[in-house]
Amino acid sequence: MTISLNTQTIPTNQTFPTILKNQRYFTYICAVKPNIFMRIFNNLNDLPDFRNAVVTIGSFDGVHSGHQMILKKVNSLAKKVNGESIVITFHPHPRQIIFPNDDSLRLITTIDEKVKLFERYNIDNVVVVPFTVEFSQQSADEYIEKFLVGKFQPRHIVIGYDHRFGKNRIGDVNYLKWHGKKLGYEVLEIQKQDVESIVVSSTKVRNALETGMVADAAKLLGHRFTLTGQVEHGQHIGSTIGYPTANLKVTQKHKLIPPDGVYAVFVQHREARYSGMLYIGKRPSLDDGNKRTIEVNIFDFHKDIYNDRLTLEFVGYVRGDMRFDGLEALKEQLGKDKENSKLILDQVVRQEAEKKKPLLPSVAVVILNFNGWDFLKEYLPGVLNTDYPNLQIIVADNGSSDGSIEKTKANFPNVLILDLETNYGFAEGYNQALRFVDADYFVLLNSDVEVTDNWIKPIIKKMEEDATVAVAQPKIKATFNKESFEYSGAAGGMLDKWSYPLCRGRVFQSLELDKGQFETEKEIFWASGAAFFVRSDLFHQIGGFDGEYFAHMEEIDLCWRLKRAGFKVMYYPDAEVFHVGGGTLNYQSPNKTYLNFRNSYFTILKNEERSKLMWLIPLRLLLDGVAGGMFLLKGQPSHMKSIVRAHWDFFPKIKHLLQRRKHFSELVQKISIGETNTTGILKKSVIWRYYIAGKKTFREL
């Protein structure tokens, strides 16, 4: 599987849902991810049993934006497998042990600063390995078997293509993968081209800091460079000229110190943050021994803080070190430095306030494509014009042979392409693609859907307001008759008392005109796969689609499982799309008849109550016989054969399907927030009402 990204995607901020005040949702969150706060381990002998560990390993000096991409991938994988993210790092830095006489090492972050940054980027666990000569002498086999597997039992290891380990660095990614086959973990390799596309490196950050370009370093880091030290007594000269300073003693020998000069800084003292200006240098105007000092003037601050610890955030470079003729000249310059520092810091404060305004959740629209270039060419421009700021648009290609990938790249360079390389079908195709997509919400969209500008915002707004809504759909109407509802989903899916699916606005082959009869939001039983909104975490935790369906009714099965866990499926008419319908598999195709009948049995056996199955399946078989006879009378023997084929496919798989039922029921139980939600199941037979009583519209039913 390959991933092609023609333009860089802007990363989104991952925030804990603001709707935790909803008690039912809070219970659900805690059940899935009990460790809300990061845990830190410094002793390899005191490690707990981690749950589905997703591990990455490295020094991570600076924890810069390149590192953050790796951390984001680790968190994303952990979320998908209901596991824990783990960063393994080392202290002291390996170079200090392997080359003890090398005094050139300069670290962007101390171990304490690194740990705080890991917490900032939502890692569940940090393991600080005491790096020793003995540890460095482990063979590659010992490193994998005794250290990685013995201590962490990883499910996934995320690592760079050039990662080396073990004595003499003989172990590499391929060696790690080879061992993974027998030891039960998978390796996610950060490919060379991905690493090279990351323009950030610790060396570039270091170079920026060593030339005083602290603002540029902050852009590379994704956060500000910090310096922590203890306040000690100085000569108190600053107090005599109106600029008292706190002299900082930095004890970490290898910590990088920016060059001499004046910097605008934020000063963290205990739980409060202040503005200030920092001086680094040998105070040439005072001729007091040529000793380099680090001293900060904190604006509007009058506390006694001797022996306290301060953390300085470097915001901007003000000027280089200078020599002045007397204290008056120095005082005059410090007044200018303060003004300039305040200008820099006030601007940052305004920017921070702007950033704190709530962001819309991240949404990924994923279009599964198989030989559908004509549809992409027609309808993808509308998707790209969607009015939603925090949006990714992805085309996942199911092994097309019509040049879809090349044509999409050439015509829509802002679209991310996932090449699945083979035709997995709708269900497994989405399962494969969504493993690589990181967003708060997934929108699964057929390639033959025409969207309106504002088709996403209304639905996401409603789902954010109610955390128990797992899945939703818009109003779906026909592209070539825009007054009519469309077959695939209309105004939301329901089930009748015998588990036959139907839609509000479409009952069997009868389509209704949109006369405003479905203009209010409504809880339904299932949402259409043509425009399917789903919370990403729930999609993964419930097991995704059942890949054995290939196509058709997999969305009903998924919604049914989520309803069994107590969640809601909703229809929101404020959003509207238009569907060609039958674009990938004709509605009248015998193969669709086969898949619908077969997958209907799959869905019933996996989700229906056991007591009901004993009479429901024989009844459905009888009704299938009637349906087969009707196809024969209509001169459609191929459809009758499709029903027979579906039965022959179903019965040999009953034992296997019961195992699948058990597997999915366990997943349902893990995320359950309440009793089974039966809203959307009608207490009537749609077969009887439609064919015998002649009721052709949903309201008549």
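Rule-based calculations on the coordinates, nothing more; no lab input. No experiment lies behind these values; they were computed from the predicted model shown. Every residue, glycine among them, receives a Cβ derived from its backbone with ideal geometry; neighbour counts consider all protein chains shown.
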If each K or R counts +1 and each D or E counts -1, the residues other than Val451 whose Cβ falls under 14 Å of its Cβ total -4
Going through Lys482/Lys684; Lys80/Lys475; Lys72/Lys461; Lys73/Lys338; Lys409/Lys475; Lys72/Lys655 one by one, the pairs whose alpha carbons sit over 32 Å apart turn out to be Lys73/Lys338; Lys72/Lys655
Magnitude of the Cβ-charge dipole (Lys and Arg +1, Asp and Glu -1) of region 589-677 about the Cα centre, nearest 20 debye, reported as 260
Taking Cα pairs closer than 8 Å and at least 6 residues apart, the relative contact order of region 205-355 in percent is 28
The farthest towards the positive end of the charge dipole of the chain, of the residues His156, Leu562, Thr408, given +1 on Cβ of Lys and Arg and -1 on Cβ of Asp and Glu, is Leu562
Here the averaged projected area of the chain, based on the convex hull of its alpha-carbon atoms and given in nm², is 35.8
Within region 595-656, DSSP-loop trypsin sites (Lys or Arg not before Pro) with at most 14 other C-beta atoms within 10 Å are Lys634
Using the Kirkwood radius over Cα pairs of region 33-197, the Stokes-Einstein translational diffusion coefficient at 37 °C and 0.692 mPa s, in µm²/s and rounded to a whole number, is 202
Binned at 5 Å from zero, the C-alpha pair distances of region 505-563 give percents of 4, 14, 22, 25, 14, 11, 8, 2
Loop-resident trypsin sites (Lys or Arg not before Pro) in region 86-130 with no more than 16 other Cβ atoms inside 10 Å, DSSP not H/G/I/E/B, are Arg106
Filtering GluC sites (Glu not before Pro) in region 220-322 by DSSP loop and by at most 10 other Cβ atoms within 10 Å leaves Glu271
Partner lysines whose C-alpha sits under 16 Å from that of Lys592, ignoring same-chain residues fewer than 8 away, are Lys641
One finds the C-alpha centres of region 80-123 and region 291-307 to be spaced, in Å, by 29
A student applying the Cα gyration tensor rule (rounded when a/c is under 1.5; otherwise prolate if a/b is larger than b/c, oblate if not) would label region 588-701 oblate
Residue-normalised 222 nm signal for the chain, counting each DSSP H run of n ≥ 4 as -39,500 (n - 2.57), nearest 500 deg cm²/dmol, is -10500 deg cm²/dmol
Under the rule rounded for a/c under 1.5, else prolate if a/b exceeds b/c, else oblate, using alpha carbon gyration tensor axes a ≥ b ≥ c, region 74-172 is classed as oblate
Expressed to one decimal in nm², the mean projection of the alpha carbon convex hull of region 458-532 is 5.4
Counted neighbours (other Cβ, 10 Å), sorted fewest up, put Phe375, Phe436, Phe426 in the order Phe436, Phe375, Phe426
Magnitude of the Cβ-charge dipole (Lys and Arg +1, Asp and Glu -1) of region 363-692 about the Cα centre, nearest 20 debye, reported as 1540
Result: in region 196-311 the number of Lys pairs with C-alpha under 25 Å apart, spaced 8 or more or on different chains, is 12
Output ordering of 442-450, 179-187, 210-218, 239-247 (per-residue mean of other Cβ within 10 Å, highest first) is 442-450, 210-218, 239-247, 179-187
Bridge orientation stat for the chain from DSSP, antiparallel percent rounded to 5, came to 55
As straight-line cross-link partners of Lys355, the qualifying aspartates and glutamates (C-alpha separation under 17 Å, not fewer than 8 residues apart within one chain) are Asp346
Sorted by chain and then number, the residues having a modelled amide H within less than 5 Å of the amide H of Ile524, at least 5 places away or on another chain, are Val569, Met570, Tyr571
Taking Lys and Arg as +1 and Asp and Glu as -1, residues besides Glu512 with C-beta under 11 Å from its C-beta add up to +2
Contact order relative to length for the chain, counting C-alpha pairs under 8 Å separated by 6 or more residues, stands in percent at 11
TM-like helix rule applied to the chain (DSSP H, alpha carbon span at least 30 Å on the long axis, mean Kyte-Doolittle at least 0.5) gives 610-633
Gyration tensor on Cα atoms of region 205-355, a ≥ b ≥ c root eigenvalues, a/c under 1.5 rounded, else prolate if a/b beats b/c, else oblate, says rounded
